[in-house]
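We did not get these values from a lab; they are worked out from the coordinates using the rules stated. Everything numeric here is computed off the predicted structure, so don't read it as measured data. Note that we place each Cβ from the backbone using ideal geometry, even for glycine, and neighbour counts take in every protein chain shown.
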Amino acid sequence: MKTIFSIIYILLILLLLLCALSSKKSNKKISKQVRRFNLSLVIPILGNLIILCSKNEITALIGNFIYFLGMNVVMIALILFTVEYCKDARSKHKVPKILFILLTIDNVQLLLSFIFHHAYEVKPALSGKVHYYELIPKFGLYYHRFVDYMIFFMVLLIFIIMIIRMPSVYKEKYVVILVAILISGIWQSFDVFTGIYIDSSMMGFTLLGLLVYYFSLIYQPVALLNKTLKNIVSQMQDSLFFFDPRGYCIWLNEQGSKLLGVSQESASEASASLYFMFKNYRIIPENENVEQIIKTEDKTFYYTLTRNSIKDKKGRSMGTYLRIIDNTEEKNRIKRDLYDSTHDSLTGLYTKEYLFTRIKEVFSNSQDKTYYIGYIDINNFKLVNEIFGTDFGDYALQRVAEELIRTVPPHCLYGRLIGDTFGLCFPNDELDLPTFESNLKNFTVNDGTAERRLVVHMGLYETSSNENDITLMFDRAHFALTEIKDNYKQHVAFYDKNMREKVLLNQEMSAALPRAIANNDLRPYLQPIADSKGNIIGAEALARWFHPEKGFLSPAAFIPLFENNGMIADVDRHIWRSACKILSDWKDTHPELFISVNISPKDFYFINVFDEIDMIVKEYGIEPAKLRIEITESVMMTNIDEKLDVLKKFHEAGYIVELDDFGSGYSSFNLLKDMPVDLLKIDMSFIRNSSDNLKAKTIVKNIIQLSADLGITSLTEGVETEAQFKALVDMGCILFQGYYFSKPVSIDEFEEFL
Ligand code: C2E
Ligand code: CA
Ligand code: CA
């Protein structure tokens, strides 16, 4: 038995020395601690060997001393190793100095035991037939055991804390060492406390030394790395498949398993599933990205496949791996982004920019083909929004879009231009005018609460694919539309040559306006206004333009044009100023006369009407009541409150406000009740009809009566005959204007007429 264990001890020592030697090759920081630990283990084994081979008490005592000393060295090496093994890259934990002091004290007292015999003694004993020296522990040895166990438990504690704190992949390397330490500890304690004469626990310690060597220097770089990589690969977004050299799938990651519906355990089935999904996956060239599109009934998937082979040092294939990236979401996002940037969010139609781009594309791919460009507009859409609310407005726009999708010609491109306007482009042979007309004519919107009719117009411009100014084409289609904007019977209009000339003329006139004002080519004519006795009590100022080239121009030739482009304010301001100048000239000659001036509804968009007029009136020092203000009821169609404020201001400043063209448009009597007007100008269309139409006559009579009831002066326009005059006087009308008295005339003529 003694011989066997002597040999075992020698073998253990050799093994440990071998480990210590080989750990020298490692350049890891911990290799020093590993080497020290392995070497430290040699000392107690050597102690045991001496004890075992002792022939007298002295050598047995020396053997025991070496053993105790050795255990102290083992403990210090173990805790130094533990601290290094368990610390993270940044922490600087150190072994407390007190441990070194306690161990030094122990070493000294163990040595002194040779003199004082206070720690241990030996005595010869017999186990079976074997003679050996039995250890007799004294109190000094308890101190030794206390210090060693304290360090031992500290080491255990450090490992336990590490195991708790570490993520599962890393736990293994701590658990193995902890278990080995525990086993060695228990084994050793068993040997010590049962008093067996051979210390077999040295084998446990050697095993611990080997494990420490393995897990510190060998295990980590290979096994942990493998496991970590596998973990990363498993969590990757891409699907990965590994194949052996024969092409059988031997491993797939979680994503791959999801993609194929094959479990990770049954990797061998993956090859068949892959072949089913991606027929050519085996033959795709190495290191190249191959795109694959897979269509199912309701979805399209986009994949990128790459195949790489793994070769050993000699260049022999060890297998291949296939990586499949699912680009479906990315592709869909790009598509969505593209859709968002090219489609209007409210209606889903193309945006103006994208519609233009598409038209350009179509034109560049077709030569000498004729197309129609369409411009669609909802009449008075601003009013629709204001009266029915923007929610209804939005709904109406969506309905128009739906209607377009439903009814446009087969090869039509269409989109929303801006606001309530839509654009179209289609081959001219696809034009179906009657259908367009009837669709636009019967355009109603039902939002669930009520059905409302919208007046929708379309302008068409015929063009060829050789032309390239898309904006100009739409401008022309738009222009055609403006020609029928107030027409409730015709809904489609074509741009023609006359229109082009008209556009040119408009541009010319606009350019000429500033000079016309400066030269007084544009000036007011005066039309007398009479009372019931036929006496002239005032006049209306009506603009006339004596163009140097075109000659005389009536308001109809330029007022609508300037109302459209905003220059109307320049015209009106000039007429107001001229009227004020006349009134100021009349101060002495005709102080009783007034002049009425027209105010366009559009003036309110561009200028501060009250401030401008009041400024001129003050400038010429005129009594405000002498300059009468004519507004039409269409002014009240938008921003009513704001307009009422303006009218109130005029009133408060002493102006007389007249409601012009009453009865020509919507004639809201309700509005009349709230509007601060002093005079009602009954439109001449009534007079024209009233001579032979009893109904019209009755209406005029009632309007005159109503004005009287409301305390408003009535004035009838367009009085052309004596009979009309007499009849109106009988009806109670107060003031009169018309050719019966005089046409609008120049100032000189007017003064002569007086
Ligand atoms: P309005 O304000 O209703 O002016 C009355 C128009 O009726 C004038 O036409 C006048 O010449 C015409 N008229 C007067 N008596 C008779 C008659 O007995 N029979 C017929 N058939 N017609 C008669 P005019 O001067 O051509 O003006 C047309 C419109 O142009 C005016 O209608 C007014 O709305 C607008 N307008 C004229 N001057 C100005 C102006 O300085 N500024 C603005 N904003 N608009 C103006
Ligand atoms: Ca007028
Ligand atoms: Ca009028």
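One table, with the values for the structure above:
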item	result
Compactness of segment 622-751, expressed as Rg and Dmax over alpha-carbon positions, Å	15.3, 43
Segment 272-397 shape via C-alpha gyration tensor axes, a/c threshold 1.5	prolate
Entries in K502/K550; K581/K701; K681/K743; K618/K648; K502/K743 that, when Cα-Cα distance is taken, lie over 25 Å	K581/K701; K502/K743
Solution diffusion estimate, µm²/s, Stokes-Einstein, segment 231-332, Kirkwood Rh from C-alpha pairs, 37 °C, viscosity 0.692 mPa s	234
Cα-based Rg of segment 434-549 normalised by 2.2 N^0.38 Å, two decimals	1.64
Taking the C-alpha atoms of segment 62-150, convex hull volume expressed per residue in Å³	103
Dimensions (Å) - segment 251-304, Cα atoms, principal axes, largest first	32, 28, 17
For segment 126-177: Kirkwood Rh in Å [reciprocal of mean 1/r, alpha carbons]	14.3
Calculated SAXS-style log₁₀ I(q)/I(0) at q = 0.13, 0.15, 0.23 Å⁻¹ - segment 1-105, Debye, Cα scatterers	-0.57, -0.72, -1.17
Zero-based 5 Å bins, Cα pair distances in segment 386-483, whole percents	3, 11, 21, 24, 20, 12, 6, 3, 1, 0
Relative contact order for segment 343-495, counting Cα pairs under 8 Å that sit 6 or more residues apart, in percent	32
Selection from G415, L431, T449, by position along the positive dipole direction of segment 343-495 (Cβ)	T449
Residues with amide H under 5 Å from that of H343, placed H, sequence gap 5 or more	T351
Dipole-positive endmost among G538, L644, F552 within segment 526-667 (Cβ charges, Cα centre)	F552
For A493, residues with placed amide H under 5 Å, excluding near neighbours	M458, G459, L460
Dipole magnitude of segment 343-495 about its Cα centre (Cβ charges: Lys, Arg +1; Asp, Glu -1), debye to nearest 20	140
Relative packing of 263-269, 677-683, which averages over residues the other C-beta atoms within 10 Å, highest first	677-683, 263-269
Those GluC sites (Glu not before Pro) in segment 536-608 that DSSP places in a loop and that have at most 14 other beta carbons within 10 Å	E549, E592
Spherically averaged projected area of segment 2-219 from its Cα convex hull (nm²)	12.2
Signed unit charges on C-beta, dipole axis of the chain, positive-most listed residue V179, L706, L207	L207
Size descriptor, Kirkwood hydrodynamic radius, that averages inverse alpha-carbon separations across segment 512-753, Å	18.5
Gyration tensor (alpha-carbon) shape descriptor, segment 496-622, a/c threshold 1.5	prolate
Semi-axes of the equivalent ellipsoid for segment 574-638, Cα gyration tensor, largest first, Å	24, 12, 8
Karplus 3J(HN,Hα) series, Hz, for segment 531-545 with 6.51 cos²θ - 1.76 cosθ + 1.60 (x for Gly, Pro)	9, 5, 8, x, 7, 7, 10, x, 7, 9, 8, 10, 5, 9, 10
Histogram of C-alpha separations across the chain, 20 Å bin width, %	12, 23, 17, 11, 13, 13, 8, 3, 0
Point-charge dipole on Cβ atoms (K/R +1, D/E -1) for the chain, about Cα centre, debye to 20	8000
Amide proton proximity set for Y371, modelled H, under 5 Å, gap of 5+	N428, T463, S464, S465
Modelled FRET efficiency - R0 41 Å, K618 with Q705, Cβ distances, 0.05 increments	0.60
